[in-house]
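Read through the structure below, which is laid out as structure tokens, and then see the notes.
The values are calculated or read from the model by the stated rules, or taken from the named source; none is laboratory data. Since the model is a prediction, treat every value here as computed from it, not as a measurement. Cβ placement follows ideal geometry from the backbone for every residue including glycine, while neighbour counts extend to all protein chains displayed.
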């Protein structure tokens, strides 16, 4: 069976801090960022599902990404994708995924996750997305590393290193 690609994406630009971080909404720019990056993701893969943090800005980003696909991709809320979540738990969860997926979350979780899954360190701006492919295991390694295959940033051409479909 071919490996299932996964996109790890940060939410679009959100309103300034207003007392309750979980309820911050996307700005007009944040919505435009999410739409732009959705087009890049669509070039690279068609997900089976989108998993979103329960924070409003991540849910809004997820809905925008979902609508870039025909038919729309289902969105599920996943409580372990909040900014303060344990990246080791999310790493283990990612390793158990059997579907292609987009994960919409926050910093610092995204940065830790990219480092743990693919050994990739990068500045992660709003609505940045990183496509990862898990190699097919040869049974010798205990924790296969994921390969970085896509880097997508708003209003820029995506960098596609490996096909994701």
Taking the conditions exactly as written (closer than 24 Å to residue 98 by Cβ and surrounded by fewer than 16 Cβ atoms within 10 Å (Cβ to Cβ)), does residue 21 satisfy them or not?
no
Region 43-64 - residue that is in contact with a helix residue (DSSP H, G or I) (Cβ under 9 Å, 6 or more places away or on another chain) and assigned to a loop (DSSP other than H, G, I, E, B) and, of those, farthest from residue 126 (Cα to Cα):
47
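Can you name the residue in region 127-143 that is in contact with a helix residue (DSSP H, G or I) (Cβ under 8 Å, 6 or more places away or on another chain) and not in a strand (DSSP E or B) and is also modelled with the lowest pLDDT among such residues? Spell out the reasoning first.
At the first step, the residues of region 127-143 found to be in contact with a helix residue (DSSP H, G or I) (Cβ under 8 Å, 6 or more places away or on another chain) are 127-132, 134, 143.
Those still in the list that are not in a strand (DSSP E or B) too: 127-128, 134, 143.
On the way: 127: 97, 128: 97, 134: 83, 143: 53.
Within region 127-143, the match that is modelled with the lowest pLDDT is 143.
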For residue 58, all conditions in the list (1) more than 16 Å from residue 5 (Cα to Cα); (2) loosely packed, with under 14 Cβ neighbours inside 10 Å; (3) touching a strand residue (DSSP E or B) at 6+ places or on another chain (Cβ under 7 Å) hold save one; what is the number of the exception?
(2)
Among (1) more than 11 Å from the chain's Cα centre (by Cα); (2) at pLDDT 90 or above; (3) crowded, with 18+ Cβ neighbours inside 10 Å, there is one condition residue 155 misses while meeting the rest; what is its number?
(3)
Selection from region 53-91 of residues over 12 Å from residue 106 (Cα atoms) and in contact (Cβ under 8 Å) with a residue 40 or more places away in the chain yields 60, 62, 64, 65
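Scan region 65-79 for residues that are assigned to a helix (DSSP H, G or I) and within 13 Å of the chain's Cα centre (by Cα) and report the count. Walk me through it before giving the result.
First pass over region 65-79, keeping only residues assigned to a helix (DSSP H, G or I): 65-66, 79.
Filter once more, so that each one left must be within 13 Å of the chain's Cα centre (by Cα): 65-66.
Total satisfying the criteria: 2.
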Exactly one of 86, 95 is at pLDDT 95 or above and either surrounded by fewer than 19 Cβ atoms within 10 Å (Cβ to Cβ) or within 21 Å of residue 159 (Cα to Cα) (or both), and that residue is 86
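On the given criteria, is residue 103 surrounded by 17 or more Cβ atoms within 10 Å (Cβ to Cβ), touching a residue at least 12 places away in the same chain (Cβ under 8 Å) and part of a helix (DSSP H, G or I)? Before the answer, list the steps.
Values: surrounded by 17 or more Cβ atoms within 10 Å (Cβ to Cβ): yes; touching a residue at least 12 places away in the same chain (Cβ under 8 Å): yes; part of a helix (DSSP H, G or I): no.
So residue 103 does not fit the description; no.
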